[in-house]
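A.B. asks: Sending over a structure as structure tokens; questions will come in a sec.
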Amino acid sequence: MNIILLGPPGAGKGTQAKLISEKYSIPHISTGDIFRKNISEKTPLGVKAKEYMDKGQLVPDELTIDLVKDRLQSDDCKKGFLLDGFPRTVKQAEALDEFLKSNNSQIDFALLIEVPNEFILDRMTGRRVCQSCGGSYHIKFNPPKEESKCDICGGILIQRKDDKEETVKERLNVYEKQTQPLVDYYNEKNALCKVNGTETIDNVFKDICNILGSDK
Ligand code: ADP
Ligand code: ADP
Ligand code: ZN
């Protein structure tokens, strides 16, 4: 089963991705997590990506597409995969389709998690992420059991630099201009499924499981 997650920053993609990946035993591939790992390791890719990420802009397609294609060639993607945060531009979506087609494969579900803008700022400014595993928490809506510590791996929780108010606004603009067109793109391919992201984390997950069904 090949799945992509669509939705604005703060919609709950990362949170749902962890749950889906566990239940359906498919790898969770987050381009944001891959870039952040490269930044913390100060790789050449990380140095380039940081410039864009700190401003709330997208990392150029040339740096992003090949990275994902490489990752999808790993053995663990043979049973399917869950992409979180990719594609984010029409060019990325086209490149992904072309790559999958050449492997006799396709996207089965493009899950759009819908959350209106007025919810987003609270979600982003209260978000805390695990430095080690990328797990996403919220100081009010989904607090960790122990303060500043990841429930899953015990890693330290930090606030992302791009989760401050000005950068969030820019990210929402970027989403509307560059990523929203993908909603039509996947709708035309009959892969789009919409989920109400304003429900609780558990209820959003239930809706998603109803869409994906019980098969693996
Ligand atoms: P969120 O989950 O809050 O939407 P991500 O962790 O997915 O944020 O992405 C953080 C940043 O990483 C983005 O603002 C962008 O700069 C960069 N990024 C992640 N995925 C992509 C992508 N597919 N194309 C371009 N830039 C990306
Ligand atoms: P995305 O990956 O789409 O940017 P996240 O999964 O990181 O979003 O979620 C953004 C923030 O909102 C996090 O702090 C997360 O704990 C919180 N969150 C996620 N889903 C919900 C929900 N259904 N209700 C309330 N808060 C949520
Ligand atoms: Zn962790």
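The numbers here are math on the coordinates, done by the rules we state, and not lab data. Nothing here was measured: the structure is a model prediction, and the numbers come from that model. So basically every Cβ, Gly included, is an ideal-geometry build from the backbone, and we count neighbours across all protein chains shown.
A.B. asks: Where the eigenvalues come from the Cα gyration tensor of segment 1-80, what are the semi-axes √(5λ) of the equivalent ellipsoid, largest first, in whole Å?
C.D. replies: Semi-axes (√(5λ), whole Å): 23, 16, 11.
A.B. asks: Using the Kirkwood radius over C-alpha pairs as Rh, can you work out the diffusion coefficient of segment 114-212 via Stokes-Einstein at 4 °C, viscosity 1.567 mPa s, in µm² per second?
C.D. replies: The Stokes-Einstein estimate is 84 µm²/s.
A.B. asks: Among the aspartates and glutamates, which have Cα under 16 Å from the Cα of K189 when same-chain residues fewer than 8 positions away are ignored?
C.D. replies: E94, D97, E98, D108
A.B. asks: So which chymotrypsin sites (Phe, Trp or Tyr not before Pro) in segment 23-103 are both in a DSSP loop and have at most 11 other Cβ atoms within 10 Å of their Cβ?
C.D. replies: Here no chymotrypsin sites (Phe, Trp or Tyr not before Pro) fit, given the DSSP loop and packing criteria.
A.B. asks: Could you calculate the FRET efficiency of D54 with D184 from 1/(1 + (r/R0)^6), where r is the beta carbon distance between them and R0 is 25 Å, rounded to 0.05?
C.D. replies: 0.25
A.B. asks: Rounded to the nearest whole Å³, what is the per residue volume of the convex hull around the Cα atoms of segment 41-91?
C.D. replies: Residue-normalised Cα hull volume stands at 102 Å³.
A.B. asks: With r as the distance between the Cβ atoms of T200 and S132 and R0 = 22 Å, compute the FRET efficiency 1/(1 + (r/R0)^6) and round to 0.05.
C.D. replies: Efficiency at R0 = 22 Å is approximately 0.25.
A.B. asks: Still on this model: E165 to N103: FRET efficiency via 1/(1 + (r/R0)^6), r the Cβ-Cβ distance, R0 30 Å, to the nearest 0.05?
C.D. replies: Efficiency computed from Cβ-Cβ geometry: 0.10.
A.B. asks: Right, here's the next one. Using only the alpha carbons of the chain, determine the length spanned along each of the three principal axes and report them from longest to shortest in whole angstroms.
C.D. replies: The Cα atoms of the chain stretch 46, 40, 33 Å along their principal axes.
A.B. asks: How about segment 1-61: which GluC sites (Glu not before Pro) there lie in a loop by DSSP and see at most 14 other Cβ atoms within 10 Å?
C.D. replies: E41
A.B. asks: On to the next question. Tell me the relative contact order for the chain as a rounded percent, counting alpha carbon contacts under 8 Å between residues six or more apart.
C.D. replies: 30 percent
A.B. asks: Lysines near K149 by alpha-carbon distance under 26 Å, same-chain residues fewer than 8 away left out - which ones?
C.D. replies: Straight-line reach from K149, under 26 Å: K13, K18, K23, K37, K42, K50, K140, K161, K164.
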